[in-house]
Structures are given as C-alpha cells and as structure tokens.
Amino acid sequence: MLGYGFLPFQAIFLGLITGTVFSYFNLWLLTKRMQAFDKAVAKGKMIRSLGTASRLCNAIIAAAIAYKYPEYIHLAGVIVGLMTIYPVIMIDSFIQLKRSSMEER
C-alpha cells in the first residue's frame, strides 16, 4: 500500500492490492471448506468438493475487473497478487513444522 501512495506505479500497486484481496478471500473460502470437510470426515460423510470452482471464479472476477479498468488496475499486478497467498501458506507450513519438531524434543 505504501508503494501505491509514494511511487508513480499506482496501477501496478492497485493491481497487487486487488489480487491480494481476492487471494486472501480465496484462502478464507478454502479454510471454510476444509473445516466442513474435517467435520464431514469425522461424521463419516462425504463432501462434494473443496470449492475449486468458486476460487477459480474469484480469480476470473479479479482479472475481469483489471481488464475492465486497465488505466487504474494493472492485469499483471492482479495475477501476481493472486499468487501472494501461496508463499504465505508455505511459510506458515514451515513454521508449523518447526514448532511441531521443537515440541517433540
């Protein structure tokens, strides 16, 4: 957000912000579906899917917004922003793995 305010590349930074917001919303959707999946497995029931179609539609909506307003939102920034959650997930996994290995000692 600081880049949007202080640098001349406002369209790129607004694209990054837009993509990141949609990315975190996709993470929230995935978290909710995983919780429902865990409850269903515990009860011995089946669940249809983990919501891949809804997350894909959110990414398409983010790209469509950038396509509709290219003077304000850069499409490449949106795409990079949509990918920001994956390093966050990987870093969190490494932290959780490190914590669990420290507790075993």
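What follows is calculated from the coordinates using simple rules that are stated; it is not laboratory data. Keep in mind that this is a model prediction, so the values were computed, not measured. Cβ coordinates were reconstructed from backbone atoms using ideal geometry, including for glycine residues, and neighbour counts include every protein chain displayed.
Data overview
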read-out: Set of lysines near Lys43 by C-alpha distance (under 26 Å), chain-local residues within fewer than 8 positions excluded; value: Lys32
read-out: Local electrostatic count at Asn26 - Lys and Arg +1, Asp and Glu -1, tallied over other residues with Cβ under 14 Å; value: +3
read-out: Under the span-like rule (Cα at least 27 Å along the axis, Kyte-Doolittle mean at least 0.5), DSSP H helices of the chain; value: 10-43
read-out: FRET efficiency for Glu71 and Asp38, using Cβ-Cβ distance with R0 set to 25 Å, rounded to 0.05; value: 0.05
read-out: Per-selection metrics, the range 10-104 (Cα): Rg and Dmax in Å; value: 16.7, 53
read-out: Relative contact order %, the range 10-104, counting alpha carbon pairs below 8 Å whose residues are six or more apart; value: 49 percent
read-out: Residue-span extension gain [Ile47 to Tyr4] - 0.36 nm each, minus C-alpha spacing; value: 11.3 nm
